[in-house]
Each structure stands twice: as structure tokens, then as C-alpha cells.
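To keep things clear, I will list the structure first and then write my remarks on it.
The values are calculated or read from the model by the stated rules, or taken from the named source; none is laboratory data. Only a predicted model underlies this, so the values are computations on that prediction, with no experimental measurement involved. Cβ coordinates were reconstructed from backbone atoms using ideal geometry, including for glycine residues, and neighbour counts include every protein chain displayed.
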Amino acid sequence: QVQLAESGGGLVQAGGSLRLSCAASGRTFRSDATGWFRQAPGKEREFVSGIYRNGGTYYADSVKGRFTISRDNGKNTMYLKMNSLKPEDTAVYLCAAGGRIVADFRTYDYWGQGTQVTVSS
């Protein structure tokens, strides 16, 4: 059974940084497209960043230049380093695995429970 567990969320002031982690069990990231999504109250799930099997990385325009995605296949863990955080980045951040198109949440098979990120102004 595949399980994804996010960690690293919290409360931070605008301009601050956080690093999210997503640890997987029961599946190796190496064979997957994996990604980060976020969902704010009353809004649809939004693509943040993803990595294809070949290591290619992709970012939403809203986070490009501020967020960095990485993956440690040996540890089966994916990370999202978030710098220069803004209040509009406030959301529950979810990691996903088993994807076919990194930016399309409908193509992912496995999801974590999410971690809350709150950015105060």
C-alpha cells in the first residue's frame, strides 16, 4: 500500500521560507511523475510544481523563481523549498505520486493528507 506523508508546513511571515517534505512508502518515486499541489479554502486544487521521471521540473508561473522542487530517490522523498513567501501562498499543500501529467491533478494515483502553510502579512 502506498502512503505519502507531508511535513514542514507552518506559520511564517511574508518574505520568509519553508521547506516541505513528502516521504513515500510502498512505492519508489524514481518511476513516477511526482508533484506538489495546493488548495486554499473555497478554491480549486492548484498545481504548484512537479518532476517527471527524467528529472525535468515544472513550476506554476505564480511560484517560478521562488519555489524549488527536488527529489531524493534514495530516500524516496520529495521536497519543496519555498522562499519569498506571500500571503497568497497560504493553502494546504499536498504531494502526489503516480502521475502521468505533472500539472494535472486528475492523472495522479496517490495523495498525501496535506500540510498547512500560512503566510502572514
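Listed conditions (1) free of Cβ contacts under 8 Å to residues at least 40 places away in the same chain; (2) surrounded by fewer than 21 Cβ atoms within 10 Å (Cβ to Cβ) are all met by V63, apart from (2). Exactly one residue among S70, S49 is within 12 Å of A96 (Cβ to Cβ) and not in a loop (DSSP other than H, G, I, E, B), and that residue is S49. For the stretch 1-45, the strands (runs of 3 or more DSSP E) that sit wholly inside it and include 3 or more residues that are surrounded by 17 or more Cβ atoms within 10 Å (Cβ to Cβ) are 18-25, 33-39.
Only residues that are among the basic types (K, R) and within 20 Å of D89 (Cα to Cα) were counted in the stretch 21-64, giving 4. Residues that are surrounded by 22 or more Cβ atoms within 10 Å (Cβ to Cβ) and among the charged types (D, E, K, R) within the stretch 76-111 comprise just one, D89. Here the strands (runs of 3 or more DSSP E) wholly within the stretch 74-121 that include at least 1 residues being on the phi > 0 side of the Ramachandran plot are 91-99.
For G50, the conditions (1) more than 11 Å from the chain's Cα centre (by Cα); (2) surrounded by 14 or more Cβ atoms within 10 Å (Cβ to Cβ) are fulfilled apart from (1). Can you confirm whether A97 is over 18 Å from A5 (Cβ atoms) and in contact with a strand residue (DSSP E or B) (Cβ under 6 Å, 6 or more places away or on another chain)? No. F67 falls short on exactly one of the conditions (1) touching a Leu at 6+ places or on another chain (Cβ under 8 Å); (2) at pLDDT below 95, and that condition is (2).
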